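We did not get these values from a lab; they are worked out from the coordinates using the rules stated. Treat the numbers as computed from the prediction; the structure is a model and nothing was measured. Cβ placement follows ideal geometry from the backbone for every residue including glycine, while neighbour counts extend to all protein chains displayed.
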């Protein structure tokens, strides 16, 4: 099969080649235009997709925060429940101890200073008890109210 270009002469060949290149060039420009249009459409699609994902993330932020707050509240309540359960256990043990008459008698003697009829109570005062009694302020003649003390301090600070 012979090429159609071989049968042409040089001037005709140049014209045929130019025409052929023009045709290819026009197809390339058209394809390039389509490629540019496709690139613009793809860019708009990507921007729209990014905006949609940003909107979805923004909308999900509120429920996620609420879920996190609810989880923290549940953890706090579980910790409180454990603490109260241990407190109830301790109180039940103390209640069982107080069912014993000897425990009640010991508590009455040590904490409240009670004695049985016919017994004589003695109080032993140690030197530490005497020091504590001296350190406590008295509401007698030697005690001054706070406003007198403040007034005296202001008078002492005033220049004369």
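Quick rundown of the values:
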| quantity | calculated |
| --- | --- |
| Approximate spin-label separation residue 95-residue 67, in nm, with each point projected 7 Å along Cα-to-Cβ | 4.2 nm |
| Spacing of the two label points (7 Å from each Cα toward its C-beta) at residue 54 and residue 124, in nm | 8.3 nm |
| Calculated FRET value between residue 47 and residue 77, using beta carbons and R₀ = 41 Å, to 0.05 | 0.35 |
| Extended-chain gain in nm, criterion 0.36 nm per residue less alpha-carbon gap, residue 147 and residue 40 | 30.1 nm |
| Residue 157 paired with residue 116, simple spin-label distance in nm, labels 7 Å along Cα-to-beta-carbon | 6.3 nm |
